[in-house]
Amino acid sequence: MALPFLRVMNAAIRVRRRMRGPMRPSWDEKLETWARFLHHYAKRSTFLPLSFQRRMLGVAPQTPLTRSMRYEKVSAGGVPSEWFFLPGTKASADARVVLYLHGGGYSVGSIDSHRELVSRICVASGTRALVIDYRLAPEHRFPAQLDDALAAYAWLLASGVDASRVVVAGESAGGGLTLSLLLALRDANLPMPAAAVVISPWVDLEATGESMTTNAPYDYISRDVLRIYAKRFVRDDELRHPLAAPIHADLRGLPPLLVQAGGAEALLDDARRIAARARDAGVDVTLEIEDDMIHVWHMFAPFEARGQQAIERVGAFIASHASHPIGAARHQSQEHGGDP
C-alpha cells in the first residue's frame, strides 16, 4: 500500500535534493525518502481507526534474518510473549536474556512489528530475547502495561533465570516502560536486572522538550501525536505519575543504563534529560547521540549503516553487563556525536 506513495515521494525528493541538497547533511536519498514518508504518515495516522493503525504496523515483511531465527510462543506470567532464539542455540537458565518491551505510544506496536529489530539485537548481543505483547491503551490504560512487564519479569526469575543475566530493553514508549519497570522493581525491593537499554525513550508525557519544536521538521514523532497517545494511556491527573512518566521519578538505585537517541529526533531532550537525572542520582549512564538520526533509526538498519552500528553497540553493552552481577560493570559515560 505504501509503495506507490514512496515512489512518488522519492521522485519529488530527488528533484528537491538537486535544487537544495539533503534535508540533513548526512541523509542519502533512500533515508530521506523513508524519513519524509514516515513524517507525513505519522501526522495523519491519528485520524485513522486505531485498529487500522495496529494492522499497518503489524505487517512486517519477512527477511532472511527473521526467517533464520527460531521463535516460541509462551505465556509469561499470563502475558502473551515469544522467545527469540539464535539459530542453533538452546535455552538454558544461565544464558543471557533480553526482556524486550516494544514501543508504539502504548497503543500500537506488537511482537510482529518489532521482529526484525529484536532479531538484530539478539544477533548483536549473542542472547535470546523474551518479547511481550503487553496490553494496549486505550482499552487498557496505565498501569496495565507496567503490570504486564512486572508479571513477565517475575515469570523469568521463577523459571530459573538469574536477575544478573537479564537486561531489559525497549524503544520509544517501550523505553519509558523499561524505566518504569526498573522503578517498580526497586520500590518493591525485588532483584534488579543487570542493566537496561532505552532507545529514543519517551519519558515526558507532557511533551515539553525543546527538541519537540527544533526537530519537528525532520522527525516523524511530534508533540501533537504524543499528546494523543498520552491521552489514551493515562488520565490527566496521571501525566506526571513517576511510574508513567519516569522523568518525574527518583532514579536512585537503578542498574547501568544505555540511552541512545538521534540528534534530529523530537524525543532528543527526553533522552538527554533522563540521562542527566539518572547520572545525578548516581546511576552508571552511557548516553549516545547519533548526529542527524531520527526516532529509532535502528529500524533503518537494513539499508542505513548507522542503524546497524547502533544495534551493535546495544549488543556489546548487553553482552558486557549481563555477564556478571550488578556493580561489576565498568563505568561508562559518553556521547557519540551531537551537541553536549
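For the chain, relative contact order (Cα pairs under 8 Å, six or more residues apart, normalised by length) works out to 17 percent. Calculate how steeply helix 29-45 sits against the longest principal axis of the alpha-carbon atoms of the chain, using the helix alpha-carbon long axis, and give the answer as 0 to 90 degrees to the nearest 10. Result, in degrees: 80. Taking every alpha-carbon pair under 8 Å whose residues sit at least 6 apart, segment 235-287 reaches a relative contact order of 38 percent.
For the chain, give the magnitude of the charge dipole about the Cα centre (Cβ charges: +1 Lys/Arg, -1 Asp/Glu; no others), in debye to the nearest 20. Working shown, then result.
Numbers: 39 positive and 37 negative charges, 204 e Å.
For this selection, approximately 980 debye.
Quick check: from the Cα gyration tensor, does segment 193-323 come out rounded (a/c under 1.5), prolate or oblate?
Values: a/c = 1.96, a/b = 1.11, b/c = 1.77.
The shape class here is oblate.
Shape of segment 115-259 from the C-alpha gyration tensor: prolate (a/c of 1.5 or more and a/b above b/c, with a ≥ b ≥ c the square roots of its eigenvalues).
Entry comment: accessible area of the chain is 41 Å² per residue, from protein heavy atoms only and a probe of 1.4 Å. Taking the average, over residues, of other Cβ atoms within 10 Å as the packing measure, peptides 275-285, 61-71 rank 275-285, 61-71 from highest down. Packing around the peptides 9-16, 73-80, 189-196, 34-41, taken as the average count of other Cβ atoms within 10 Å per residue, puts them in this order, highest first: 189-196, 34-41, 73-80, 9-16.
For the chain, the longest principal axis of the alpha carbon atoms and the long axis of helix 173-187 meet at an angle near 20°.
Report the net charge of residues surrounding residue 207, where surrounding means a beta-carbon distance below 12 angstrom and charges are Lys +1, Arg +1, Asp -1, Glu -1. Don't skip to the answer; put the middle values down first.
Numbers: positive: 223, 227, 231; negative: 204, 206, 210, 224, 269, 270.
Charge balance in the 12 Å sphere: -3.
Shape analysis of segment 66-194 places it in the oblate category; the axes a ≥ b ≥ c from the Cα gyration tensor give an a/c of at least 1.5, with a/b not above b/c. What a 1.4 Å probe finds exposed on the chain is 56% carbon and sulfur by accessible area, rounded to a whole percent.
For the chain, adding -39500 (n - 2.57) for each run of n ≥ 4 DSSP H residues and dividing by the number of residues yields -12500 deg cm²/dmol at 222 nm. Taking the longest Cα principal axis of the chain as reference, the axis of helix 223-233 is set at about 40 degrees.
Across segment 147-238, Cα pairs under 8 Å and at least six residues apart give a relative contact order of 25 percent.
The values are calculated or read from the model by the stated rules, or taken from the named source; none is laboratory data. Here the structure is a predicted model, which means the values were calculated and not measured. We place every Cβ from the backbone using ideal geometry, glycine too, and count neighbours over all the protein chains shown. These area figures cover heavy atoms from the full protein model, side chains too; ligands, DNA and RNA do not enter into them. Shrake-Rupley method; radii C 1.70, N 1.55, O 1.52, S 1.80 Å.
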